[in-house]
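Visitor: Once you've had a glance at the structure underneath, I'll fire off some questions.
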Amino acid sequence: MAGILKPIAALLVAAAPLASGGAFETEMLAAHNLVRDGVNVPPLTWSARLALAARKWAEALAANGRFEHQKHRVYGENLYEARGSEASPTRVVAAWAAESANYDYRSNGCNGVCGHYTQIVWRATREVGCAVVRKERRQVVVCEYAPPGNWQGERPW
């Protein structure tokens, strides 16, 4: 667990204003890989295909005012929402990674919410693509993961 907390602390310190374009991709991927490095799993690569899927869902959520996972998804998926403010990619990933405090590797159990975290560190996942959409005072971030993780009864790493 100590190996997990160091990357999360580094993420929180590194949080910056919201990036866009290539800077968004770079920061989002780096934040994910810093968390993965904390549990010694291979780094992810950025996928334009997954980023496009993430953008489509983020746009749909922003347009309809909802905040929910896709019903028939083929990828792993993390969602983040901010109202009245914006969060950097680093801060978004740090929020998901903070769920590591709820995950117990020994029992492979979760005390509260930890699925965002376990998707980030899922060993078999190789690619990520994310998007951010803003509408009025709302920011929606969607990340898609392939192959997906969080399989019942399996450990993330």
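Visitor: Scan segment 106-128 and report the pairs whose first residue is within 14 Å of GLY153 (Cβ to Cβ) and whose second residue is among the hydrophobic types (A, V, I, L, M, F, W, C) and surrounded by 20 or more Cβ atoms within 10 Å (Cβ to Cβ), with Cβ atoms within less than 8 Å and a gap of 6+ or a chain change.
Guide: none
Visitor: Only one of these is in a helix (DSSP H, G or I) and surrounded by fewer than 18 Cβ atoms within 10 Å (Cβ to Cβ): ALA101, ALA95. Name it. Even if it seems obvious, please write down each step before you answer.
Guide: Values: ALA95 fails: surrounded by fewer than 18 Cβ atoms within 10 Å (Cβ to Cβ).
One residue alone meets the criteria, ALA101.
Visitor: With TYR105, TYR117 as the choices, which residue is out of contact with any strand residue (DSSP E or B) (no Cβ under 7 Å at 6 or more places or on another chain) and among the aromatic types (Phe, Trp, Tyr)?
Guide: Numbers: TYR117 fails: out of contact with any strand residue (DSSP E or B) (no Cβ under 7 Å at 6 or more places or on another chain).
Exactly one residue qualifies, and that residue is TYR105.
Visitor: Which numbered condition in (1) farther than 16 Å from PRO156 by Cα; (2) polar (S, T, N, Q); (3) touching a strand residue (DSSP E or B) at 6+ places or on another chain (Cβ under 9 Å) is the only one that THR90 fails?
Guide: (3)
Visitor: Something else now. Does segment 144-155 hold any residues that are surrounded by fewer than 24 Cβ atoms within 10 Å (Cβ to Cβ) and either at pLDDT 95 or above or in contact with an Asp or Glu (Cβ under 6 Å, 6 or more places away or on another chain) (or both), and which are they?
Guide: Those that are surrounded by fewer than 24 Cβ atoms within 10 Å (Cβ to Cβ) and either at pLDDT 95 or above or in contact with an Asp or Glu (Cβ under 6 Å, 6 or more places away or on another chain) (or both): ALA146, PRO147, PRO148, GLY149, ASN150, TRP151, GLU154, ARG155.
Visitor: Right, another one. Can you pull out every residue in segment 128-143 that is out of contact with any Lys or Arg (no Cβ under 6 Å at 6 or more places or on another chain) and surrounded by 18 or more Cβ atoms within 10 Å (Cβ to Cβ)?
Guide: Passing the criteria: VAL128, GLY129, CYS130, VAL132, VAL133, GLN139, VAL140, VAL141, VAL142, CYS143.
Visitor: Another one. Restricting to segment 39-92, name every residue that is under 23 Å from GLU136 (Cβ atoms), part of a loop (DSSP other than H, G, I, E, B) and open to solvent by 10 Å² or more (accessible area, probe 1.4 Å).
Guide: Hits for segment 39-92 are GLY65, ARG66, PHE67, GLU68, HIS69, GLN70, GLY84, SER85, GLU86.
Visitor: Identify all residues within segment 110-126 that are in contact with a helix residue (DSSP H, G or I) (Cβ under 6 Å, 6 or more places away or on another chain) and surrounded by fewer than 22 Cβ atoms within 10 Å (Cβ to Cβ); write none if there are none.
Guide: Going residue by residue through segment 110-126, those that are in contact with a helix residue (DSSP H, G or I) (Cβ under 6 Å, 6 or more places away or on another chain) are 110-114, 116-117, 120-121.
Within segment 110-126, CYS110, ASN111, GLY112, VAL113, CYS114 meet the criteria.
The values are calculated or read from the model by the stated rules, or taken from the named source; none is laboratory data. Because the structure is a prediction, the values reported are computed rather than measured. Neighbour counts run over all protein chains shown; Cβ positions are idealised from the backbone, glycine included. Remember, those area values only see protein heavy atoms, side chains included, never the ligands or the DNA or RNA. Shrake-Rupley method; radii C 1.70, N 1.55, O 1.52, S 1.80 Å.
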